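Let me begin by presenting the structure, written as structure tokens, before commenting on it.
Laboratory data are not the source of any read-out in this text; all were calculated from the coordinates shown. These numbers come from a predicted model, not from an experiment. Virtual Cβ from ideal backbone geometry, glycine too; neighbours counted across all protein chains shown.
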Amino acid sequence: MQYRKLGRTDLDVSVICLGSMTWGEQNTESDAHAQLDYALDNGVNFIDTAEMYPVPPKEETAGKTEEYIGSWLATRGGRDKVVLATKAVGKSDNTYFRGNGEVSRLHGRHLKAAVDNSLKRLQTDYIDLYQLHWPERSTNYFGKLGYIHVEDEDAIELLESLQALDDIVKSGKIRHVGLSNESAWGTMRYLHLADKHNLPRIASVQNPYSLLNRSYEVGLAEVSIREKCGLLAYSPLGMGMLSGKYLGGKLPKGSRFASFTRFQRYTTEVAHKVTTEYVALANEHGLDPAQMALAYVNSRRFVTSNIIGATNLDQLSSNIASIDIELSDDILKSIENIHNSHPYPCP
């Protein structure tokens with residue numbers, strides 16, 4: 001395993017991060033524990049979750065993923081051996097996250113309640129990295145590219161959210177803070193506010209990044225490198241599309257696309273076309289297509305960690321093993337040729 005610094009913190013995190021989005025929906029508690037055991041045994045020390053998980057989000061399952069991690073920590077111990085990250089939901093129409101009939105917001109009262117609830121489910125006294133799952137304001141995330149400005153929007157100010165996080169850091173309940181599904185402007189604004197008001201500095205940005213979605217490179221990659229605020233890349237396989245298992249109209253039983261209809265951004269005609277080209281490239285060089293796609297993400301200078309997800313141990317083993325693959329210059333050149341022919345097919 002390889003390790004990189006989380007932002008400007010003193011934490012070394014594994015380049016492969018174990019994602020947990022399926023636990024409680026596609027995976028049982030025992031499945032989750034087995035994945036955690038395997039990952040830890042193979043050098044992974046970074047675990048990412050969220051109060052919303054599993055996905056798709058539902059009232060009856062919200063928080064279950066954190067509960068599974070909590071029961072694992074309670075039975076296995078070794079809290080100091082893992083870097084634990086979770087997230088607070090952004091502004092939402094759902095009222096079940098806060099349990100009081102209110103829609104979730106990123107102000108102090110809700111953030112403090114969210115942290116306390118996550119700590120209880122996770123059965124721990126502190127969270128290493130606490131992330132804002134998506135912005136309050138209208139901006140580009142979850143597949144949106146064209147920016148439409150909303151005047152006089154009802155959105156919590158960034159400074160108010162950061163001040164609330166500062167209070168929680170001082171309480172000892174969280175160590176560091178991060179963003180998710182954030183823009184270049186939002187990231188730089190948070191960094192500016194942190195410097196100006198002596199508030200917690202953003203350590204990372206968790207956004208989608210894969211061979212099918214390299215939009216992070218447009219503005220945020222520079223921010224990550226210059227500000228030492230690296231990317232935690234999610235959906236590095238485009239919800240499994242880049243493995244090639246969905247090509248030819250296939251829908252493997254139990255797979256995400258066979259089970260749910262909400263992930264259309266990775267199932268378009270152009271997504272299938274581009275994936276076919278990447279799979280052919282991997283096969284030409286004797287590589288597993290999923291491992292090639294993950295190895296590309298691992299190799300990017302602006303990436304701190306690559307968040308993998310799996311529904312079984314065979315997938316998990318293969319994904320973790322991508323850390324040992326170094327792509328040749330010829331492969332990297334071919335990847336660029338495919339990308340330039342079909343830029344950002346799945347933003």
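Axis angle, to the nearest 10 degrees, between helix 184-197 and the longest C-alpha principal axis of the chain: 30 degrees. Fully extending the segment from H149 to E59, taken as 0.36 nm per residue of separation minus the present Cα-Cα distance, adds 29.3 nm.
Quick one: of K81/K170; K64/K196; K64/K228, which pairs are farther than 31 Å apart, Cα to Cα?
Checking Cα-Cα distances, K64/K196; K64/K228 exceed 31 Å.
Ordering L251, Y234, V218 by Cα displacement along the dipole of the range 208-252 toward the positive end leaves L251 in first place; charges were set at the Cβ atoms of Lys, Arg (+1) and Asp, Glu (-1). Over the chain, the alpha carbon radius of gyration divided by the compact-protein estimate 2.2 N^0.38 Å works out to 0.95. Under 1.5 on a/c is rounded, so check that first for the range 21-76, then, if it is not, pick prolate when a/b is larger than b/c and oblate when it is not; a ≥ b ≥ c are the square roots of the alpha carbon gyration tensor eigenvalues. Cα axes put the range 21-76 in the prolate bin. Annotation: amide H of Q131 within the under-5 Å range of T86, K87, A88, G178, sequence separation 5 or more or interchain, hydrogens built in the peptide plane.
Modelled spin labels at R301 and K81, positioned 7 Å past Cα toward Cβ, are 3.5 nm from each other. Placing +1 on the Cβ of every Lys and Arg and -1 on the Cβ of every Asp and Glu, with no other charges, gives the chain a dipole of roughly 180 debye about its Cα centre. Evaluated with a Cβ-only charge set (Lys, Arg +1; Asp, Glu -1), the range 202-309 carries a dipole of roughly 300 debye about its Cα centre, given to the nearest 20. The distance linking the range 248-317 with the range 45-87 is 24 Å (Cα centroid to Cα centroid, whole angstrom).
Close amide H pairs (under 5 Å, H built 1.01 Å from N) link C17 with N306, I307, I308, residues at least 5 positions away or on another chain.
Helix 29-41 axis versus longest C-alpha principal axis of the chain: approximately 80°, rounded to the nearest ten. In summary, the aspartates and glutamates within cross-link reach of K245, defined as a Cα separation below 19 angstrom excluding same-chain residues under 8 places away, comprise E269, E277, E284, D288, D314.
For the chain, give me the percentage of DSSP beta bridges that are antiparallel, rounded to the nearest 5 percent. Of the beta bridges lying entirely in the chain, close to 10 percent run antiparallel. Our coupling estimate for the range 18-23, obtained by passing each phi through the Karplus curve with A = 6.51, B = -1.76, C = 1.60 and θ = phi - 60°, is 8, x, 9, 4, 8, 6 Hz, Gly and Pro reported as x. Between the Cα long axis of helix 108-122 and the first principal axis of the chain there is an angle of about 60°, rounded to the nearest 10.
Count Lys and Arg as plus one, Asp and Glu as minus one, and take only other residues whose Cβ is under 14 Å from that of M52; the net charge is then -1.
All distinct Cα pairs of the range 146-227 go into the 1/r average, and the inverse of that average, the Kirkwood radius, is 14.1 Å.
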